[in-house]
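Input: a single structure, listed below in structure tokens.
The values are calculated or read from the model by the stated rules, or taken from the named source; none is laboratory data. Here the structure is a predicted model, which is why all the values come from computation and not from measurement. Because the Cβ atoms are built from the backbone with ideal geometry, glycine has one as well, and the counts that use them run over all protein chains shown.
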Amino acid sequence: MTKLAVVAIGGNSLIKDEKHKTVEDQYEAARETTFHIADMIEQGWDVAIGHGNGPQVGFILRRSEIAAKVEGMHEVPLDVCGADSQGAIGYALQQTLQNELYRRGIKKPVATVVTQVLVDKDDPAFKHPTKPIGSFMDEAEAKRRESDMGWSVVEDAGRGWRRVVASPLPKEVVELEAVKTLIEAGTVVITVGGGGIPVIDVSDHEYRGVAAVIDKDYASSLLARLLKADLFLISTAVEKVAINFGKPDQKWLDKMTLAEAKQYLAEGTHFAKGSMAPKIQAIIWFLENGGKQALITNPENIGRALKGETGTWIVKE
């Protein structure tokens, strides 16, 4: 039987540096990433791809704000920005992957599913929004938007004011059955982009988008659990995971057990909250809920890591 992997790609991985942010630059970065996913498919894996969208949503919001100020156009709501980014990033990933598979003589369709992810409207994160989005504002503008539009705003270390939104936990992938159907038909599916478009259930499966941001690793972990994936792979900026990162006693890890991962995370000193910690937590949830193995590595080493030559493997025991 073909094995199924859920691969989570970081939104920042499509932007190599400050000088390479254009759509063309991101397309080229997508091409490099999907080349390595094609290696997986060539090795016999079925693949579902999740991805981040933080920088891209920031660009969409910025364009929207400029258009509103200069031309008086309507601003784009955050959930619609998420949908826009899913389509655009999905387009780059699916086209570059389609091209690479065709080049290798592999007949396998690729499709993007614009995906909603259900969150709990009573999630505590909504009472304490912490995720900054959009441009900096002066205090008067921030207070006006707080009053007129119901935004939560904070002063950011003397640099100005910013909007903050909640980052609730994902509960359900709304388009799960469509994703399953596509995978069973042999399609590579790009889904839960940016963690999915956050929606709440306002009345017995009547969904409504909300201004929030879902962690893409948490959403990909949920997807991997629901699909009963054989492997959860997080593609990130580092070849391996380290404990005591950046310290004299830094140690790169080839393998971690679930118990070790939980211990390192609980110690709170090994994994940064904004980067590696949510990845480790996402993997812990996957392994605690039926998953067998997970892998963290960078895109260019996916093929080698799958052969056991590099990367950090996290296993149940």
Would you please list the contacts, defined by Cβ atoms under 7 Å and residues six or more apart or on different chains, that run from a residue in region 258-276 that is over 15 Å from Phe245 (Cβ atoms) to a residue that is part of a loop (DSSP other than H, G, I, E, B)?
Leu258/Lys316; Leu258/Glu317
How many residues are among the charged types (D, E, K, R) and either within 21 Å of Ala282 (Cβ to Cβ) or touching a helix residue (DSSP H, G or I) at 6+ places or on another chain (Cβ under 7 Å) (or both) if we restrict to region 177-225?
5
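Among the residues of region 83-139, what is the count of those that are in a helix (DSSP H, G or I), surrounded by 16 or more Cβ atoms within 10 Å (Cβ to Cβ) and more than 22 Å from the chain's Cα centre (by Cα)?
2
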Pairs only if they're at least six apart or on different chains, beta carbon under 6 angstrom, first in region 229-246 and more than 11 Å from Gly291 (Cβ to Cβ), second buried (at least 17 other Cβ atoms within 10 Å of the Cβ) and hydroxyl-bearing (Ser, Thr, Tyr); list them, first residue then second.
Glu239/Thr297; Glu239/Thr310; Lys240/Thr312; Val241/Thr312; Ile243/Tyr264
Go through region 277-317 residue by residue and tally those that are closer than 11 Å to Asp217 by Cβ, in contact (Cβ under 8 Å) with a residue 60 or more places away in the chain and assigned to a helix (DSSP H, G or I).
7
Six or more apart or on different chains, Cβ atoms under 6 Å: show the pairs whose first residue is in region 137-154 and free of Cβ contacts under 8 Å to residues at least 12 places away in the same chain and whose second is surrounded by 13 or more Cβ atoms within 10 Å (Cβ to Cβ).
Glu146/Val153
Condition first: over 13 Å from Ser220 (Cα atoms) and not in a helix (DSSP H, G or I). Now tell me which residues in region 171-195 satisfy that.
Val174, Glu175, Ala185, Gly186, Thr187, Val188
Going through region 16-58 one residue at a time, which ones are of a type in the set (S, T, N, Q), outside any helix (DSSP H, G or I) and either more than 28 Å from Thr2 (Cα to Cα) or modelled with pLDDT of 95 or more (or both)?
Thr22, Asn53
Among the residues in region 246-256, are any under 28 Å from Lys180 (Cβ atoms), surrounded by 21 or more Cβ atoms within 10 Å (Cβ to Cβ) and modelled with pLDDT of 95 or more?
no
Residue among Lys240, Lys262, Lys273, Lys279 that alone is surrounded by 12 or more Cβ atoms within 10 Å (Cβ to Cβ) and under 18 Å from the mean Cα position of the chain (by Cα):
Lys279
